[in-house]
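Peer 1: The structure that follows is given in the form of structure tokens.
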Amino acid sequence: MSEKIRFDSLPLSEGIQAAVKEMGFEYASPIQSEAIPFVMEGRDVIGQAQTGTGKTAAFGIPMIEHIVPFEKFVQAIILCPTRELAVQVSEEMRKLSKFTKGIWVTTVYGGDSIDRQIKSLKAGANIVVGTPGRVIDLIERRALKLNQTSMVVLDEADEMLDMGFREDIESILEEIPNERQTVLFSATMSKPILALTNRYLTDPKLVKVVKNEITNVNIEQLYFDVKGRAKMEVTTRLIDFYALKLVLIFCNQKKRVDEVVEELALRGYAAEGLHGDLRQSQRTQVMNRFRSGNVSFLVATDVAARGLDVENVDAVINYDIPLDEEYYVHRIGRTGRAGKFGKAFTLVVGSERNRLREIMNYTKVKIDKGVIPTFSDVVGIKKGMFIERVASTIAEGDLDLFADALPNLQHAGFTVDQIVSALVKLSMGVQKNEFGDENLEGELERQSRKYGRDERGGGGFRDRNDRGGDRDGRRGAGRFDRDSRGGGDRGGRFERGNDRDRSSAPRGPRMDREGKPYRSDENMVRMFVNIGFDEKISPSNIVGAFAGESGIPGNVLGQIQIENKHTYVDVPKEYANVVLEKMAGAQIKGKRVLVEIAKPA
């Protein structure tokens, strides 16, 4: 079936027709055009489709049409690999059933109150959307009964198997009558998936999206040929050059996610990580901050990002080239949605060009080689943005309070050109370009990922008030001061207290980056947080929590000093009260913390 189908040409109820019209759908997507007729017939169906292809409506519309309204027993169940996908599917089902009375959708998943979910099931639900683990738990508690269920959907079945849910899925299917209709959606047709379909589906109809339809024409796809440890430098240049506000960055390993988050934080970018080691409550907090825009950069693994549905993602950056062609499609499908344009950037190192060719062969799309922005390119963009902001500020007026600044500086002997140039540099955080543009495609000096590394070539051209300066021919380390491992001090803003070596010795005064006792900034309020290295806290955790909970820009925070059991954070005076109010009862890495004004040393 190659032609698109108009929804109003399908034999759908008035309620469904009204719902799809309100949702702005006129034509069915390819997977919907293929799957809906067979699912409507009651056949078992295997759908091979990726995220963003409209597969929820492909099974959701026929499911709603088959439900007997106002009957409160569970007539259909949808299994999803993650809480996020379960919530997303539930929301879509509620939209589709908005004009169909007597349809009740209940969502069940781990990490949320099971008592509340049991109460919801008792109130009556004819469609249940849930994760396998929580569904099993509810079955064992006799709170969820599937003996009258006539339809089951396994959404993103390959991911559920990869996450170890095979036994749970089989146990759930054994609870449902054999006369059921079973619909399975999977991005891949692996051997485990085929084994599952052979055992539990009857004469299934296979429908799939052909390869030349699985990538979005609204996404500009580019790759950048980089070497060595230039990935972070290239990433930050791309962010700055394209003025990206909301970005998903993908890595292949959990360890790499943590490294990239910390690298970004050290360079002044508010980032959060998302991977399998996070508890459900932590995942929820991270994604809520990303959705709200309090965190601009989300670094994730492929599995952890399944079901992530965020509008207005400007770009996807493949920090690591995906190990599977399907993962590439899943990743870039997070941008360029709802008719908007997006960007997908892939960083390629050496022999990974072979993987890139395999991806292009699979997607039938040529991915062009991008040109890495030069230092001058990025500064030029930033200058243009600065000029626009200045013009806007002048137009707003109310400048009398600041009118004496220019005469005072001129009286000190500076020319107008010098003053303006310095202000532009301060506003943009521009520092000396020590990272030669020609080195971005060559091997960089080996850098340690631990504190105290030689932080050369950081994206020193941001709209941030970095305090690190040039010293001995080196640029500052970025936003945080660090103790160096020999060879002199580093500039920046993050001080790492080396209390591991101090347990048996008296603790001396806190030291600033010049090696002198800590001196407070009169424009800052020093705050105490009762969490530190013992809880594996990093600067990015502190920045993310303060920005996410308080709604303040992460880049306004001052020095951050992490000790074993507590942390000191400098907060601008104008934000102090709101931070104290909003951080009351807040959590960092799942632990409730106390934030208060620090006592004088």
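Peer 1: Out of curiosity, is F25 closer than 25 Å to T335 by Cα, assigned to a loop (DSSP other than H, G, I, E, B) and not charged (D, E, K, R)?
Peer 2: yes
Peer 1: Pairs only if they're at least six apart or on different chains, beta carbon under 8 angstrom, first in region 179-207 and among the basic types (K, R), second in a loop (DSSP other than H, G, I, E, B); list them, first residue then second.
Peer 2: Sorted first by the residue in region 179-207, then by its partner, the pairs are R180/T149; R180/S150; K205/R43; K205/D44.
Peer 1: In region 108-123, what residues are in a helix (DSSP H, G or I) and not hydroxyl-bearing (S, T, Y)?
Peer 2: Residues satisfying the conditions are I114, D115, R116, Q117, I118, K119, L121, K122, A123.
Peer 1: Any residue at all in region 367-389 that's over 19 Å from F241 (Cβ atoms) and not small (G, A, S)?
Peer 2: no
Peer 1: Okay, next question. When you scan region 207-217, do you find a residue that is surrounded by fewer than 17 Cβ atoms within 10 Å (Cβ to Cβ) and under 30 Å from S376 (Cα atoms), even just one?
Peer 2: The answer is no, given that none of the residues of region 207-217 is surrounded by fewer than 17 Cβ atoms within 10 Å (Cβ to Cβ) and under 30 Å from S376 (Cα atoms).
Peer 1: Any chance region 68-87 includes a residue that's among the small types (G, A, S) and within 16 Å of G124 (Cβ to Cβ)?
Peer 2: yes
Peer 1: Any residue that is surrounded by fewer than 17 Cβ atoms within 10 Å (Cβ to Cβ) and of a type in the set (V, I, T) - is there at least one of those in region 525-548?
Peer 2: Scanning region 525-548 turns up no residue that is surrounded by fewer than 17 Cβ atoms within 10 Å (Cβ to Cβ) and of a type in the set (V, I, T).
Peer 1: Here's another thing I want to ask about it. Here are some conditions: (1) in contact (Cβ under 8 Å) with a residue 12 or more places away in the chain; (2) surrounded by fewer than 18 Cβ atoms within 10 Å (Cβ to Cβ); (3) not in a loop (DSSP other than H, G, I, E, B). A243 meets all but one. Which one does it not meet?
Peer 2: (3)
Peer 1: Let me ask something additional. Identify the single condition in (1) among the β-branched types (V, I, T); (2) assigned to a loop (DSSP other than H, G, I, E, B); (3) at pLDDT below 80 that I372 does not satisfy, given that it satisfies every other one.
Peer 2: With respect to (1) among the β-branched types (V, I, T); (2) assigned to a loop (DSSP other than H, G, I, E, B); (3) at pLDDT below 80, I372 is out only on (3).
Peer 1: Restricting attention to region 527-562, and to residues there that are of a type in the set (D, E) and under 15 Å from L594 (Cα atoms), which single residue is modelled with the highest pLDDT?
Peer 2: Among those that are of a type in the set (D, E) and under 15 Å from L594 (Cα atoms), it is E535.
Peer 1: Out of the residues in region 57-101 that are of a type in the set (D, E) and part of a helix (DSSP H, G or I), which is nearest to the chain's Cα centre (by Cα)?
Peer 2: Filtering region 57-101 for residues that are of a type in the set (D, E) and part of a helix (DSSP H, G or I), the one nearest to the chain's Cα centre (by Cα) comes out as E84.
Peer 1: Would you mind listing the strands (runs of 3 or more DSSP E) fully within region 530-601 where at least 2 residues are within 23 Å of Q280 (Cβ to Cβ), in contact with a Gly (Cβ under 6 Å, 6 or more places away or on another chain) and among the small types (G, A, S)?
Peer 2: Here the list is empty.
Peer 1: Sticking with this structure for a sec: Within region 394-422, track down each residue that is in a helix (DSSP H, G or I) and either of a type in the set (G, A, S) or closer than 20 Å to G380 by Cα (or both).
Peer 2: Of everything in region 394-422, those that are in a helix (DSSP H, G or I) and either of a type in the set (G, A, S) or closer than 20 Å to G380 by Cα (or both) turn out to be A395, A405, D417, Q418, I419, V420, S421, A422.
Peer 1: Among the residues of region 308-320 satisfying the criterion of being buried (at least 21 other Cβ atoms within 10 Å of the Cβ) and β-branched (V, I, T), which is farthest from L356 (Cα to Cα)?
Peer 2: The qualifying residue farthest from L356 (Cα to Cα) is V313.
Peer 1: Quick check on region 122-180: of everything there that is of a type outside the set (G, A, S) and touching an Asp or Glu at 6+ places or on another chain (Cβ under 7 Å), which residue is surrounded by the fewest Cβ atoms within 10 Å (Cβ to Cβ)?
Peer 2: I139
The values are calculated or read from the model by the stated rules, or taken from the named source; none is laboratory data. No experiment lies behind these values; they were computed from the predicted model shown. Cβ: placed from backbone, ideal geometry, glycine included. Neighbour counts: every protein chain shown.
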